[in-house]
Amino acid sequence: MIPHDLAARLDLIDAPLADPAPMRHAAVLALILPGDEPRVLLIERAAHLRNHAGQLAFPGGKPEPADRDLLDTALREAEEEVALPRGQVKVLGRLRPVPVPSGFVVVPFVGLVDGEWQPRWDTSEVTSVLTPTLHDLADPARHRFIGKREWMGVLYALHEYHIHTPPLWGATARMVRDLLHRLDLGPNPDDDDETSPDDP
């Protein structure tokens, strides 16, 4: 289910990024756990957090001064949140950056876990860890289109994946939709995600 050429289907790790101003960049790690039934790792964010409390998300966050770049941010956050040693991650590329109303443009890096690993999470930031299979995420019965919303002059399609309570939605659902397309497991997000409000 994981194509041998997945890296070629992704954006380059170091491809130039547009200036996000007046927003700021953040980074997440879309982590694939290989196996007979490949899985994706998601965290349920703790309810007391300032941003995106209680939501399902990929491990990640905003850059710290010591981070070398956004990839370093994503790897550091994954190590802090789910105890993933960065040496066990084979980073393949990036998905499309996703702006979020909290003021960030989130850059998703895609990586594969290399070798045996069990997540352990920081309970101050993470309530639980989920590892839905790619098959479950690609199941049309688990997906729901919930309409469009205009934000900063763009209409965004809103999606939910009913794999948990609460469901996966928002920015991470957009990233999952992008990932599934690049794995040949879902439609092209360009077909339904972004349309100018001025379009007929």
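Summary table below
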quantity: Which numbered condition THR131 fails, given (1) touching a strand residue (DSSP E or B) at 6+ places or on another chain (Cβ under 6 Å); (2) modelled with pLDDT under 95; (3) more than 20 Å from ALA18 (Cα to Cα); (4) open to solvent by 20 Å² or more (accessible area, probe 1.4 Å); calculated: (2)
quantity: Residue in segment 103-114 that is at positive phi and either touching a helix residue (DSSP H, G or I) at 6+ places or on another chain (Cβ under 9 Å) or among the aliphatic types (A, V, I, L, M) (or both) present; calculated: no
quantity: Residue list for segment 141-164, restricted to those being under 25 Å from GLY61 (Cβ atoms) and part of a loop (DSSP other than H, G, I, E, B); calculated: MET152, ILE163, HIS164
quantity: Output for segment 165-186, where each listed residue is in contact (Cβ under 8 Å) with a residue 40 or more places away in the chain, charged (D, E, K, R) and outside any loop (DSSP other than H, G, I, E, B); calculated: ARG174, ASP178, ARG182
quantity: The one condition in (1) over 16 Å from LEU10 (Cβ atoms); (2) among the β-branched types (Val, Ile, Thr); (3) surrounded by 16 or more Cβ atoms within 10 Å (Cβ to Cβ) that VAL106 fails to fulfil; calculated: (1)
quantity: Any chance GLU79 is modelled with pLDDT under 95, under 15 Å from TRP121 (Cα atoms) and of a type in the set (Asp, Glu); calculated: no
quantity: From the options GLY111, GLY115, residue that is within 26 Å of PRO16 (Cα to Cα) and not in a helix (DSSP H, G or I); calculated: GLY111
quantity: Filtered residues of segment 5-40 (kept if in a loop (DSSP other than H, G, I, E, B) and open to solvent by less than 20 Å² (accessible area, probe 1.4 Å)); calculated: LEU10, PRO38
quantity: Test for ILE2: is it in contact (Cβ under 8 Å) with a residue 40 or more places away in the chain, in a loop (DSSP other than H, G, I, E, B) and either closer than 19 Å to HIS135 by Cα or touching a Ser or Thr at 6+ places or on another chain (Cβ under 7 Å) (or both); calculated: yes
quantity: Flag for HIS159 being at pLDDT 90 or above, more than 14 Å from PRO132 (Cβ to Cβ) and of a type outside the set (Gly, Ala, Ser); calculated: yes
quantity: Selection within segment 79-102 - in contact with a helix residue (DSSP H, G or I) (Cβ under 7 Å, 6 or more places away or on another chain) and in a strand (DSSP E or B); calculated: VAL89, VAL91, LEU92, GLY93, VAL98, VAL100
quantity: Complete set of residues in segment 118-128 that are in contact (Cβ under 8 Å) with a residue 60 or more places away in the chain and touching a helix residue (DSSP H, G or I) at 6+ places or on another chain (Cβ under 6 Å); calculated: PRO119, TRP121, GLU125, VAL126
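Residues are listed down the side, and each one gets a yes or a no for (1) at pLDDT 85 or above; (2) open to solvent by 50 Å² or more (accessible area, probe 1.4 Å):
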{"residue": "ARG144", "(1), (2)": "yes, yes"}
{"residue": "MET152", "(1), (2)": "no, yes"}
{"residue": "TRP169", "(1), (2)": "yes, yes"}
{"residue": "ARG174", "(1), (2)": "yes, no"}
{"residue": "HIS181", "(1), (2)": "yes, yes"}
{"residue": "PRO200", "(1), (2)": "no, yes"}
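The values are calculated or read from the model by the stated rules, or taken from the named source; none is laboratory data. What you see is a predicted model, and the numbers here were worked out from it, not measured in a lab. We place every Cβ from the backbone using ideal geometry, glycine too, and count neighbours over all the protein chains shown. Note: accessible area is taken over every heavy atom of the protein model, side chains too, but ligands, DNA and RNA are not part of it. Shrake-Rupley method; radii C 1.70, N 1.55, O 1.52, S 1.80 Å.
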